[in-house]
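> Provided herewith is a single structure, encoded as structure tokens, for subsequent inquiry.
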Amino acid sequence: MRSQGIVKDRTFDTISSIIALVLLLITLYPLYFILIASFSNPDLTNAGKVFLWPKGITLEGYRSLLSESRVYMGYRNTIIYTLVGTLISVSLTMTAGYALSQPAFRGKRIIHFLILFTMIFNGGLVPTFLVVKSMNLLDTLWAIVLPSAVGVWNLIITRTFLESNIPRELFEAASIDGCDHFRFFFRVVLPLSPVILAVITLFYAVNQWNGFFNALIYLYDSDRYPLQLYLREILIQNQELAMDPDAVNDMRYRANLVKYSMIIVASAPVLMVYPFLQRFFVKGVMIGSVKG
């Protein structure tokens, strides 16, 4: 019986490993294909001849893309938006999560319900645009970082973490020595919350780095565009030039080549950082699945 159980366990482990390997390949291959396609001849890529390794290797796509001064300006703007937006978002989420985690907070249930309500229903694009316009935020940094400053899901996992890991008795003990909520938050809660700080920082930073919709709606000055909008402009420009009958083949070739290169340029920073920080993403998911 014991030997049969061992055989069943090994069979289960083998099947599970095979399934996990297949899922891993399915997940990673699109990223790998974009990488090798960015170094390959776009005609061969479109013909379906690029599969496991690059063919007709060329760096023309990267040369063409990185020769654009707009790319470097976009990187600068995106870094600024990411740093400022993440700082504001983490600050608001941590303070709001701490307030909602306090049992003595009056109106906690009503406020929590109203926050959750926004996950199902929201004002929509036009009312949001009118609010941003009425506050004179159009074409400014604040139009990018403020409308989406607090994510409801991030607020929920922050509140859940603080409820589960910061005992109420800790504040009661500190209050005996004259500690108020403000001092308790900065001197006790934050030092004890490195995990949730890392989780929501990563969530907000990645979302801000990849974001382009707010910039597309609220920004008019091209000097303030994030990287994603500059790359979009370059791609559209190449596609429009490809309609010129005098240079149709050359421009189509360049447009297809730049398309894959710009995906790598825009995603490379996140892809390089993610493998070292993925455990925090997993912890964030687990925090939300345990309670609340």
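The values are calculated or read from the model by the stated rules, or taken from the named source; none is laboratory data. Since the structure is predicted, the reported quantities are computational estimates derived from the model, not experimental observations. Cβ sites come from the backbone with ideal geometry, for glycine too, and all protein chains shown count toward neighbours. Side chains are part of the model used for accessible areas, which takes the heavy atoms of the whole protein and leaves out ligands, DNA and RNA. Shrake-Rupley method; radii C 1.70, N 1.55, O 1.52, S 1.80 Å.
> Residues to consider are Leu31, Leu23, Leu44; find the one that is part of a helix (DSSP H, G or I), in contact (Cβ under 8 Å) with a residue 60 or more places away in the chain, out of contact with any Pro (no Cβ under 6 Å at 6 or more places or on another chain) and not β-branched (Val, Ile, Thr).
On the way: Leu23 fails: in contact (Cβ under 8 Å) with a residue 60 or more places away in the chain; Leu44 fails: in contact (Cβ under 8 Å) with a residue 60 or more places away in the chain.
Sole residue among the options that is part of a helix (DSSP H, G or I), in contact (Cβ under 8 Å) with a residue 60 or more places away in the chain, out of contact with any Pro (no Cβ under 6 Å at 6 or more places or on another chain) and not β-branched (Val, Ile, Thr): Leu31.
> Can Ser175 be described as open to solvent by less than 30 Å² (accessible area, probe 1.4 Å) and of a type in the set (S, T, N, Q)?
On the way: open to solvent by less than 30 Å² (accessible area, probe 1.4 Å): no; of a type in the set (S, T, N, Q): yes.
No: the conditions fail for Ser175.
> Further question: Take Phe184 and decide whether it is closer than 22 Å to Ser91 by Cα and either surrounded by fewer than 20 Cβ atoms within 10 Å (Cβ to Cβ) or basic (Lys, Arg) (or both).
yes
> Taking into account only those residues within the range 145-192 that are without any contact (Cβ under 8 Å) to a residue 60 or more places away in the chain and acidic (Asp, Glu), which is farthest from Phe117 (Cα to Cα)?
Checking each candidate, the answer is Asp177.
> Which residue pairs have Cβ atoms under 8 Å apart, sit 6 or more places apart or on different chains, and have a first residue in the range 204-219 that is under 16 Å from Gly74 (Cβ atoms) and a second that is open to solvent by 70 Å² or more (accessible area, probe 1.4 Å) and not β-branched (Val, Ile, Thr)?
Listed pairs, sorted by first residue: Phe212/Arg232; Ala215/Arg224.
> I'd like to know if the range 221-242 contains one or more residues that are assigned to a helix (DSSP H, G or I), at pLDDT below 60 and either within 30 Å of Gly97 (Cβ to Cβ) or touching a strand residue (DSSP E or B) at 6+ places or on another chain (Cβ under 8 Å) (or both).
For the range 221-242, residues assigned to a helix (DSSP H, G or I), at pLDDT below 60 and either within 30 Å of Gly97 (Cβ to Cβ) or touching a strand residue (DSSP E or B) at 6+ places or on another chain (Cβ under 8 Å) (or both): absent.
> Considering only residues that are of a type in the set (Val, Ile, Thr) and either in a loop (DSSP other than H, G, I, E, B) or without any contact (Cβ under 8 Å) to a residue 40 or more places away in the chain (or both), look in the range 92-144 and name the one that is least open to solvent (accessible area, probe 1.4 Å). Don't jump to the end; show me each part of the working.
Our first condition is that a residue be of a type in the set (Val, Ile, Thr); within the range 92-144, this holds for 93, 95, 110-111, 115, 118, 120, 126, 128, 131-132, 140, 144.
Okay, now just the ones that are also either in a loop (DSSP other than H, G, I, E, B) or without any contact (Cβ under 8 Å) to a residue 40 or more places away in the chain (or both), so 110-111, 118, 120, 126, 128, 131, 140.
Working: Ile110: 114, Ile111: 69, Thr118: 70, Ile120: 126, Val126: 97, Thr128: 54, Val131: 80, Thr140: 38 Å².
It comes out as Thr140.
> Test Val84 against the stated conditions and say whether it is among the aliphatic types (A, V, I, L, M) and surrounded by fewer than 17 Cβ atoms within 10 Å (Cβ to Cβ). Let's see the steps before the verdict.
Numbers: among the aliphatic types (A, V, I, L, M): yes; surrounded by fewer than 17 Cβ atoms within 10 Å (Cβ to Cβ): yes.
Spelling it out, Val84 is indeed among the aliphatic types (A, V, I, L, M) and surrounded by fewer than 17 Cβ atoms within 10 Å (Cβ to Cβ).
> Looking at (1) surrounded by fewer than 16 Cβ atoms within 10 Å (Cβ to Cβ); (2) at pLDDT below 80, find the lone condition where Pro194 falls short.
It is condition (2) that Pro194 fails.
> Considering the range 197-211 alone, what residues qualify as being surrounded by fewer than 19 Cβ atoms within 10 Å (Cβ to Cβ) and under 22 Å from Val265 (Cβ atoms)?
Val206, Asn207, Asn210 - these are the residues of the range 197-211 that are surrounded by fewer than 19 Cβ atoms within 10 Å (Cβ to Cβ) and under 22 Å from Val265 (Cβ atoms).
> Tell me which residues, restricted to the range 145-170, are surrounded by fewer than 19 Cβ atoms within 10 Å (Cβ to Cβ) and either in contact with a strand residue (DSSP E or B) (Cβ under 6 Å, 6 or more places away or on another chain) or in a helix (DSSP H, G or I) (or both).
Val152, Trp153, Glu163, Ser164, Asn165, Arg168, Glu169, Leu170
> I'm checking my understanding of the structure. Among residues of the range 37-78 that are closer than 16 Å to Lys259 by Cβ, open to solvent by 60 Å² or more (accessible area, probe 1.4 Å) and of a type in the set (A, V, I, L, M, F, W, C), which one is farthest from the chain's Cα centre (by Cα)?
Residue satisfying both the conditions and the ranking: Ala47.
> OK, next. Being among the small types (Gly, Ala, Ser), farther than 22 Å from Asn210 by Cβ, in contact (Cβ under 8 Å) with a residue 12 or more places away in the chain and in a helix (DSSP H, G or I) is the filter here, so list the residues in the range 47-82 that pass it. Steps first, answer last, please.
Initially, the range 47-82 is screened for residues among the small types (Gly, Ala, Ser), giving 47-48, 56, 61, 64, 67, 69, 74.
Next cut, farther than 22 Å from Asn210 by Cβ only: 47-48, 56, 64, 67, 69.
Applying the additional criterion that residues be in contact (Cβ under 8 Å) with a residue 12 or more places away in the chain yields 56, 64.
Matches in the range 47-82: Ser64 only.
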